[in-house]
Structure formats: structure tokens, C-alpha cells
Amino acid sequence: MKKILSFFLLLALAFGLSACSGSKAVPDNLIIQFVPSTSIDSTKLTQLKNLEDMLEAELKDAGFEIGVNISVGTSYASVIEAMASGQVHVGFLTSQQYAFVTTEYPGKVEVLLTSVRDAYKAQLDASNNVITDTATIIANANAAGYDATTNSAVKVNSYYAMLLVRAEDYAAYQTNGIAELKGKTVGTQSTTSGSGFVYPSFLLHQNNMKFVSGTPNAANGEVKYTTIGGHQNSVISLLSDEVDAVFTFFDARFQGANQTYFDAWQEANPGVNRFEATRVVALTPPIFNDTISSVSSLSDGLKEAIQDAFMTIVDTTEGKEILAIYNHSDYLIANDEDYDSERELYRFLNPEE
């Protein structure tokens, strides 16, 4: 009899633990936090209440009748710490914040969605499939007739920083690769700029080179950087022979119909095509767009419902307007392995002592 009672006691305990586990995996209230950003118009934050209602409706349709609470964290670190401790279930994280939390708190957080941007035509093959081979993208960007236009029908989850040189210097880089940059002066953005400095410094590191602010020693793989305000201004500085090369986002040479970045330079240099006058030498590892990430403890069904909910909402007029607060215009399903290079960059920026 004791054995039978013990069996039923264990069985009841197992069901009890399963029920507790299930309740944790599907919370009564889903807590979502945005990271703070100085670019956010604070007057638009009142729209987050509408986003709560929209998410609740979508999740209910998916079988999850739970509340949604959205707030803006006090700092980047506070959002990450709250997710690592399970106090926040879903966070809008940059790729480097995701790299940080998955490196320092492995298994705690996983990526659900990535925001997207229009693909450059150089990133697409003849069938409009996205190209990930950087050598092919570079060849396309250096081809005759290339003008850095995009295809709004095709979305990508990352972008690149590029090393750009004058066309007359390109042959040396074809022979020597990026090593040709040793001892030279390159235009960059501020040291906190991702595509204008951080990722380029990582690219140099991968090639046993480094930035210095003083006179560079080519034998030591040193490259002098000089800060230029604005990516398009960097291109103009290169075209004006003020620097040997520049690091900018790919592709800073583009100018839209309502933009005037290159107008003054073009007027002073009639007949010169800035695309033909420059060449792309190298691209950094991809710089991934912002993520929507969740704590790993949520049920798989709820995580999938969250993905579907955001992808549905961003396709509505109201939803697109709300999510435009963070410059999110569309989403793709994200994969953790895509962020391996981001974690490698994180370790480069934060070496173990």
C-alpha cells in the first residue's frame, strides 16, 4: 500500500511541477521593454499603449489570452539585466546587446525577429536572391553602371561597413589586399560609430592590423585614422584626395532624390561619376539589425505567437507608425547562429583579463 501511495504521490508531484512549469512558460502578463534611445520622439511613446492592445488581440487569436505591458527601460543594461533575471520577457535589443546577453548569460535569451532594410541591388543575384558572399557583393558594387540603388521588394537583416579607395589606387589593393592600407591614413567616423569605426577596427584586427591616432608604423600593421563628420563627407574627402581611404557604411555613395549630400561636390566636378571614381576593397562582417528577443523560458508556442503577432502588426498602417519609433518597418524570423560574428566582435571589444 505504501508503494502505491508513493507512486500516486510522485505522480501528483510530477503533474504539479508540470503545471508550475507551464504557468511560468506562459505568463499572465507578458512584459516587454524597449531600450532607451535619444532618437525617440517622446511624444510618440503614448502610442505604445495601442501596441499593447494590438499584441493582446493577436496573441488571443493565437490562443494566448494574456495581458501585455510595454515600457522603456532606464538604460541598455537595465533591460538586459531584467531579461537575464526573467523580470522582462521580451526586449528590443541591438545586435551587440544580444551578443552581450547570449555571451554573458548563455541560455537565458534567444532571438525571435530581426528588423530589416531594403537590399542593395549589389546584394541580389539575377533572380533577386540575397547574396551573402562578400566577394560577389564587392564585384557587383565595382561593376560598370552600379549606382547603389535598392530593391524595396527584397529585405535583408544586416548591412556592412565598407573600405573605399580611389579607382586609381585599386590595383594595389587587388594585389596586396587590405594589407595595402598599412601605414596609410583612412577617414572614419567617431570611435563609437558602428559602421564608421567599430566594425572597421574589427576588420583590421582580423587582418593583424590596427588603428592609431598618431603616425602609423606600417611594419606594425598600423593605420592612422582621422575622424570626418558624416559618411557622405568621408566619400567627398576621399574624392578630394584628403585621405588615402575611408570606412563608411555600404553604400554611402548613394544619394536619394530629395538628398543633397554630393550636390556641391558634383557641381565643382562636372562629369565625374563618384561610383566610377571609387572602388570597394573590403566589407566588414555583417552588422545585424535590431532584434526582438525573448527569454528562453517562454513556451515555444508563445514565442511563435509573438513572432507572428509582430509580423502581422508591422504590416498594418497603425502598427507600422508605432514601430517606426525604432525605425522598424518590417521583420524576418531570426536565427541565433547569424549572430556568431556579433559575439566574436563582442569578445574583441571586451577581452578577458
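The values are calculated or read from the model by the stated rules, or taken from the named source; none is laboratory data. This one's a predicted model, so the numbers in the text were calculated from it and none came from an experiment. Cβ coordinates were reconstructed from backbone atoms using ideal geometry, including for glycine residues, and neighbour counts include every protein chain displayed.
Just give me the residues in the range 339-348 being exposed (fewer than 14 other Cβ atoms within 10 Å of the Cβ), touching a residue at least 24 places away in the same chain (Cβ under 8 Å) and not basic (Lys, Arg), in sequence order.
First, the residues of the range 339-348 that are exposed (fewer than 14 other Cβ atoms within 10 Å of the Cβ): 340, 347-348.
Narrowing further to those that are touching a residue at least 24 places away in the same chain (Cβ under 8 Å): 347-348.
Residue satisfying the conditions is 348 alone.
For the range 250-264, does any single residue satisfy the condition of being within 20 Å of the chain's Cα centre (by Cα) and closer than 18 Å to residue 34 by Cβ?
Looking through the range 250-264, none of the residues is within 20 Å of the chain's Cα centre (by Cα) and closer than 18 Å to residue 34 by Cβ.
Which pairs do you get when a residue that is farther than 10 Å from residue 156 by Cα, found in the range 117-133, comes within reach of a residue that is aromatic (Phe, Trp, Tyr), reach meaning Cβ atoms under 9 angstrom, with the pair 6+ apart or on two chains?
121/146; 122/146; 122/250
Does at least one position in the range 211-233 carry a residue that is of a type in the set (A, V, I, L, M, F, W, C), over 29 Å from residue 158 (Cα atoms) and surrounded by fewer than 20 Cβ atoms within 10 Å (Cβ to Cβ)? I'd like the intermediate steps shown before the answer.
Just the residues of the range 211-233 that are of a type in the set (A, V, I, L, M, F, W, C), to begin with: 211-212, 218-219, 223, 228.
From the residues that got through so far, the ones that are over 29 Å from residue 158 (Cα atoms) too are 218-219.
Subset that is surrounded by fewer than 20 Cβ atoms within 10 Å (Cβ to Cβ): 218-219.
The answer is yes; a qualifying residue exists.
Where in the range 1-96 are there strands (runs of 3 or more DSSP E), lying wholly inside it, with at least 2 residues that are at pLDDT 60 or above and over 18 Å from residue 112 (Cα atoms)?
67-72
Per-residue answers, yes or no, for (1) under 25 Å from residue 177 (Cβ atoms); (2) out of contact with any Ser or Thr (no Cβ under 6 Å at 6 or more places or on another chain):
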residue	(1), (2)
228	yes, no
251	yes, yes
255	no, yes
262	no, yes
265	no, yes
284	yes, yes
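Among (1) surrounded by 13 or more Cβ atoms within 10 Å (Cβ to Cβ); (2) under 30 Å from residue 94 (Cα atoms), which single condition is residue 142 missing?
(2)
What strands (runs of 3 or more DSSP E) completely inside the range 271-338 contain at least 1 residues that are touching a helix residue (DSSP H, G or I) at 6+ places or on another chain (Cβ under 8 Å), free of Cβ contacts under 8 Å to residues at least 60 places away in the same chain and closer than 16 Å to residue 54 by Cα? Let's see the steps before the verdict.
Values: elements: 278-283, 291-295, 331-333.
Strands (runs of 3 or more DSSP E) meeting the threshold: none at all.
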